[in-house]
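The values are calculated or read from the model by the stated rules, or taken from the named source; none is laboratory data. Just so it is clear, the structure is predicted and the values come from calculations on it, not from any experiment. Methodologically, a virtual Cβ is constructed for each residue, glycine included, from the backbone with ideal geometry; neighbour enumeration extends over all protein chains shown.
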Amino acid sequence: MSLSESPTASEHEIRFLAWQEKHRRSDQLTEKMDTLEQLLSAESGQSLVFARTKRGADRIGKSLVRSGFSAAVIHGDRSQSQRNKALNGFQEGHYQVLVATDIASRGLHVDDVAHVINYDVPKMAEDFVHRVGRTGRAGSPGQASTLVAGPNSSN
């Protein structure tokens, strides 16, 4: 999948990026990660990436760091001090990307999140609303993208 320039966003832009299911799951995951990296490279502000599982969040975070992104990970298996360090670092601008499970979709108060990316489609529609609600707050512009590949694109 190649991404084209998107038109100037109004206050909020929500888009779904989908592609054909691959025969090999590894091809699908590689293409999905490449698409995520393209979205993040095109973003000048901070981004919040949501994964469905803790393992998936860790894998995405490690892959992004290997690719040169400043990224932190937050999920329920992290200690409170690790979660605080990741969240504070993101809020202070030390990290361009915060990768999270749904633990961060509710009650997470971070100003100026420019882009929310659903790496995995959430299981419940309500979770989608909470995830996307992390961007475009207080009248600021924001984008939300959801990556969809195949019938079960989870980690």
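For the reader, a short list of remarks on this structure follows.
- Subset of the stretch 56-76 [at pLDDT below 95 and either farther than 24 Å from MET124 by Cα or loosely packed, with under 14 Cβ neighbours inside 10 Å (or both)]: GLY76
- Test set (1) in a helix (DSSP H, G or I); (2) at pLDDT 65 or above - ASP27 fails condition number: (2)
- Residues in the stretch 34-59 that are within 11 Å of the chain's Cα centre (by Cα) and without any contact (Cβ under 8 Å) to a residue 60 or more places away in the chain: GLU37, ALA57.
- Residues considered: LEU17, LEU40. Of these, the only one that is of a type in the set (A, V, I, L, M) and at pLDDT 80 or above is LEU40.
- Among the residues of the stretch 48-74, those that are closer than 15 Å to ASN118 by Cβ and of a type outside the set (S, T, N, Q) comprise LEU48, VAL49, PHE50, ALA51, ARG52, GLY56, ALA57, ILE60.
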